[in-house]
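The values are calculated or read from the model by the stated rules, or taken from the named source; none is laboratory data. If you're wondering where the values come from, they're calculated on a predicted model, not measured in any experiment. Note that we place each Cβ from the backbone using ideal geometry, even for glycine, and neighbour counts take in every protein chain shown.
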Amino acid sequence: MVDEPRIPRPVLAELRAIAGPEHIRLADGERAVYARDATPLFHGMPDAVVAPADADQIARILRLATEHRIPVVPRGAGSNLCAATVPLAGGIVLSTARMNRVIEVAPDEMLARAQTGVTTQGLGDAAAEHGLFYPPDPGSRTVSTIGGNVATCAGGLRGLKYGVTRNYVLGLTVVLPTGEIIRTGGRLWKDVVGYDLTRLLTGSEGTLGVITEVTAALLPRPETSRTGLAYFDSLTDAGGAVADIIAAGVIPSTLEFLDRKCMDAVEQYAHLGLHSGAGALLLFGDDGDDAVVTRSFERIAAACKNRGAIEIQTAGDITNSEALLTARRCTLPALSRLGSLTILEDASVPRPHLAEMVARIDAIAAKHRVTIATFGHAGDGNLHPTCVLESASDTDGIARAERAFADVFRAAIELGGTITGEHGVGAAKLPYLEERLGTAQLGLLQRIKTAFDPAGILNPGKLGSALTGQDNDDRSGQR
Ligand SMILES: Cc1cc2nc3c(=O)[nH]c(=O)nc-3n(C[C@H](O)[C@H](O)[C@H](O)COP(=O)(O)OP(=O)(O)OC[C@H]3O[C@@H](n4cnc5c(N)ncnc54)[C@H](O)[C@@H]3O)c2cc1C
């Protein structure tokens, strides 16, 4: 059954006047689309979906929402994997879909300015037209928005060499819940005036302000980009190769791994001719001047060979690097085909503990009788253990998967790691926050939230909210 909208009529009338009646969705079916994001199991019906045109309209909407204590959930493409845009308390979903213009690319300053709703790929394409390069490349880049990337501090396949979204955010225009519009940072590469609010807002997951414009740093476009892969008997061998590659002074642009279960799923899905007898696959890539890439590929291949790689394919054997990257990029859709419910998680450990963490995940999966396949960014120690369940209504299986993931996060923390490397906290990871941050830091986070958002209207039930006090092993009450 679908809930009736709970926003008072005069407020709805004002929202219509601000954004235009054609940019407000109130019908059940239209609102239901915004009740979920890319995270399975979580949902919450919004009372209205509004798509404003600019920062001024957003300022008026937030002022109104603060005055009437109506929750507002900023939303880009809704591709996040931590229930960060699920409107748990109802209210307004504020869609940035109309703010989708690249404002400028300035080659002489090596920067671009884009409205928040521009896709990651759209920004990258605009930079490429000027011979420039925007490195962050989340797997969702064709749909995810630059505002969503900044709000989650998205990572991606090039994180090891180029870093993540925060490394490219020079400045932001942000509307505060009070309706004030602030500009943090700007076009300057050096500017140390005041607290670094640009960094604070990057990764703030829609809980402190609504980003309307991003000034992003760009790099010169690399001359060559090449990809290769190596097969190993085990992830321990692959992990050893990763350590040796880095120790040899090579920082590849891409260093990704797939375990055996992921390789089998990808092969069934994409028929890429992956080695059927291998225990692990390491995908590597580098970019830059041709001679430099050739040299780094030689060193990567030597490190893989020393660690007993069964087979190595480098650009000499492969003409199309994109085909190899497909093996990594289609892992999630490939795993999704194995069952009706796929729960993808995100944890990071220090790089030397990668193989141990995968072994622990396998043991945890066996203990809780669930299937977990693991892939991720080997160079960053960032893993995506993914649980596949045959039926989406298998409540016992879901409960076992949740207990397994609670153990996975504890194992990551024990190894000096963290509960999310790139996907964010959202509603999904909130119960684990205190374990990771400690009470004092959690309290500070909540006080920062209050300073930005005294009425608590922005994305309630997420970062900065008081914890529910639920047991980590049973989060089913949130759904
Ligand atoms: C197939 C697939 C692959 C993925 N691969 C990666 C990957 O490699 N690396 C990675 O890091 N993530 C990845 N993701 C997760 C996701 O795409 C990223 O988190 C992305 O940054 C979300 O962007 P979005 O526009 O969809 O934001 P949304 O999902 O709409 O929102 C995410 C968060 O940002 C907030 N937000 C959005 N816009 C604004 C704004 N204008 N102002 C303030 N807050 C805002 C929301 O409130 C929410 O808290 C993947 C997801 C999928 C489905």
**Check on ALA355, under 22 Å from GLY279 (Cβ atoms) and free of Cβ contacts under 8 Å to residues at least 12 places away in the same chain** = no
**Item:** Pair list, Cβ < 6 Å and 6+ apart or interchain, from region 56-73 residues that are assigned by TED's automatic domain parsing to the domain that holds GLY20 and of a type in the set (S, T, N, Q) to residues that are within 16 Å of the ligand (Cβ to nearest atom) and modelled with pLDDT of 95 or more
**Value:** GLN57/ALA19; THR66/PRO177; THR66/ILE457
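Report yes if SER336 is over 24 Å from the mean Cα position of the chain (by Cα), closer than 27 Å to GLY421 by Cα and of a type in the set (S, T, N, Q), otherwise no.
Details: over 24 Å from the mean Cα position of the chain (by Cα): no; closer than 27 Å to GLY421 by Cα: yes; of a type in the set (S, T, N, Q): yes.
The answer is no for SER336.
Which is touching a residue at least 24 places away in the same chain (Cβ under 8 Å) and more than 22 Å from the chain's Cα centre (by Cα), of ARG226, ARG260?
Working: ARG260 fails: touching a residue at least 24 places away in the same chain (Cβ under 8 Å).
Exactly one residue qualifies, and that residue is ARG226.
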**Asked** If you take the residues of region 333-354 that are surrounded by 20 or more Cβ atoms within 10 Å (Cβ to Cβ) and aliphatic (A, V, I, L, M), which of them is farthest from GLN268 (Cα to Cα)?
**Response** VAL349
**Prompt:** Could we say that VAL358 is buried (at least 23 other Cβ atoms within 10 Å of the Cβ), touching a Gly at 6+ places or on another chain (Cβ under 6 Å) and of a type in the set (Val, Ile, Thr) here?
**Reply:** no
**Message:** Tell me yes or no: at least one residue of region 79-96 is free of Cβ contacts under 8 Å to residues at least 40 places away in the same chain and in a loop (DSSP other than H, G, I, E, B).
**Reply:** no
**Asked** For residues in region 415-462 being among the polar types (S, T, N, Q) and crowded, with 21+ Cβ neighbours inside 10 Å, which is nearest to the ligand (Cβ to nearest atom)?
**Response** ASN459
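When region 390-418 is examined, which residues are found to be closer than 17 Å to ALA355 by Cα and of a type outside the set (Asp, Glu)?
In the first step, residues of region 390-418 are kept if they are closer than 17 Å to ALA355 by Cα; the result is 407-418.
Correct list: VAL408, PHE409, ARG410, ALA411, ALA412, ILE413, LEU415, GLY416, GLY417, THR418.
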**Item:** Neighbours by Cβ (under 6 Å, 6+ apart or cross-chain): first from region 323-346, free of Cβ contacts under 8 Å to residues at least 60 places away in the same chain; second part of a strand (DSSP E or B) and of a type in the set (Val, Ile, Thr)
**Value:** SER336/THR342; GLY339/VAL388
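Can you say whether VAL408 is in a helix (DSSP H, G or I), within 19 Å of the chain's Cα centre (by Cα) and of a type outside the set (Ser, Thr, Tyr), as far as the supplied structure shows?
Details: in a helix (DSSP H, G or I): yes; within 19 Å of the chain's Cα centre (by Cα): yes; of a type outside the set (Ser, Thr, Tyr): yes.
Yes, satisfied.
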**Item:** Subset of region 70-80 (residues that are crowded, with 24+ Cβ neighbours inside 10 Å and hydrophobic (A, V, I, L, M, F, W, C))
**Value:** VAL72, VAL73
**Asked** Among helices (runs of 4 or more DSSP H) lying entirely in region 1-69, which contain 3 or more residues that are buried (at least 17 other Cβ atoms within 10 Å of the Cβ)?
**Response** 9-19, 55-68
**Prompt:** Here are VAL93, VAL102, VAL118, VAL49: which of them is under 26 Å from GLU180 (Cα atoms) and touching a Gly at 6+ places or on another chain (Cβ under 7 Å)?
**Reply:** VAL102
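How many residues does region 117-149 contain that are more than 17 Å from ALA84 (Cβ to Cβ) and among the β-branched types (Val, Ile, Thr)?
Taking region 117-149 first, the residues more than 17 Å from ALA84 (Cβ to Cβ) are 118-119, 121-137, 141-142.
Subsequent filtering for residues that are among the β-branched types (Val, Ile, Thr) retains 118-119, 142.
Number satisfying all stated conditions: 3.
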**Request:** List the number of the failed condition for ARG295; all other conditions in (1) among the basic types (Lys, Arg); (2) touching a residue at least 12 places away in the same chain (Cβ under 8 Å); (3) more than 21 Å from GLY240 (Cβ to Cβ) hold.
**Result:** (2)
**Message:** For region 263-292, which positions are touching a residue at least 24 places away in the same chain (Cβ under 8 Å) and acidic (Asp, Glu)?
**Reply:** ASP286, ASP287, ASP289, ASP290
